[in-house]
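For reference, the structure is listed below as structure tokens.
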Amino acid sequence: QVQLVESGGGLVQPGGSLRLSCAASGSIFSINGMGWYRQAPGKQRELVATITSGGSTNYAVSVKGRFTISRDSAKNTVYLQMNSLRPEDTAVYYCNAGRKGRPFNPYWGQGTQVTVSS
């Protein structure tokens with residue numbers, strides 16, 4: 001079993017920045033990659049950014065150039081640096097971890113709220 005705990009969300013003004021953290025614990029050896037997803041009110045969950053076990057990254061077009069995903073393997077933690085935040089970035093952000101051997105059954109965190117408003 002793997003547990004994912006997100007932190008770092010909150011209220012920020014447009015143009016501001018936040019850094020989200022996702023700490024993984026448990027059977028870390030079973031993780032083959034991690035990422036961030038988000039879900040805004042009334043919308044389905046969407047991909048924000050991912051990072052593979054090899055360090056490759058990819059981003060949603062809407063956040064490319066503004067958000068950066070990174071990891072600290074020693075701390076079993078993944079980060080999402082969010083700059084130039086916009087009101088449309090408002091959502092619950094969820095950490096995701098891929099499972100070795102079970103690619104269609106990833107682990108999910110509980111989510112952290114990000115609100116971008118003046």
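The values are calculated or read from the model by the stated rules, or taken from the named source; none is laboratory data. Small disclaimer: the values here were computed from a predicted structure and weren't measured. Here the Cβ is made from the backbone with ideal geometry for all residues, glycine too, and neighbour counts use every protein chain on show. Keep in mind that these areas ignore ligands, DNA and RNA; they rest on the heavy atoms of the full protein, side chains included. Shrake-Rupley method; radii C 1.70, N 1.55, O 1.52, S 1.80 Å.
Checked against (1) more than 25 Å from Ser117 (Cα to Cα); (2) open to solvent by 50 Å² or more (accessible area, probe 1.4 Å), Arg45 meets all criteria but (1).
Name every residue in the range 83-100 that is of a type outside the set (Asp, Glu), out of contact with any helix residue (DSSP H, G or I) (no Cβ under 7 Å at 6 or more places or on another chain) and either surrounded by 15 or more Cβ atoms within 10 Å (Cβ to Cβ) or free of Cβ contacts under 8 Å to residues at least 60 places away in the same chain (or both), in order of residue number. Lay out the reasoning, then the answer.
We begin by selecting, within the range 83-100, every residue of a type outside the set (Asp, Glu); these are 83-87, 90-100.
Of the ones still in play, those that are also out of contact with any helix residue (DSSP H, G or I) (no Cβ under 7 Å at 6 or more places or on another chain) are 83-87, 90-98.
Residues satisfying the conditions are Leu85, Thr90, Ala91, Val92, Tyr93, Tyr94, Cys95, Asn96, Ala97, Gly98.
List every residue pair whose Cβ atoms lie under 9 Å apart, where the two residues are 6 or more positions apart in sequence or sit on different chains, the first residue falls within the range 21-40 and is more than 30 Å from Val116 (Cα to Cα), and the second residue, located anywhere, is modelled with pLDDT of 95 or more and open to solvent by 30 Å² or more (accessible area, probe 1.4 Å). Here the result reads Gly26/Gln3, each pair linking the range 21-40 to a residue that is modelled with pLDDT of 95 or more and open to solvent by 30 Å² or more (accessible area, probe 1.4 Å). Look at (1) more than 14 Å from the chain's Cα centre (by Cα); (2) under 15 Å from Gly33 (Cα atoms); (3) assigned to a strand (DSSP E or B) and you find that Gly101 fails only one, number (3). Consider Val61 against the criteria (1) touching a residue at least 60 places away in the same chain (Cβ under 8 Å); (2) among the β-branched types (Val, Ile, Thr); (3) assigned to a loop (DSSP other than H, G, I, E, B): it satisfies all of them except one. Which criterion is unmet? Exception for Val61: condition (1).
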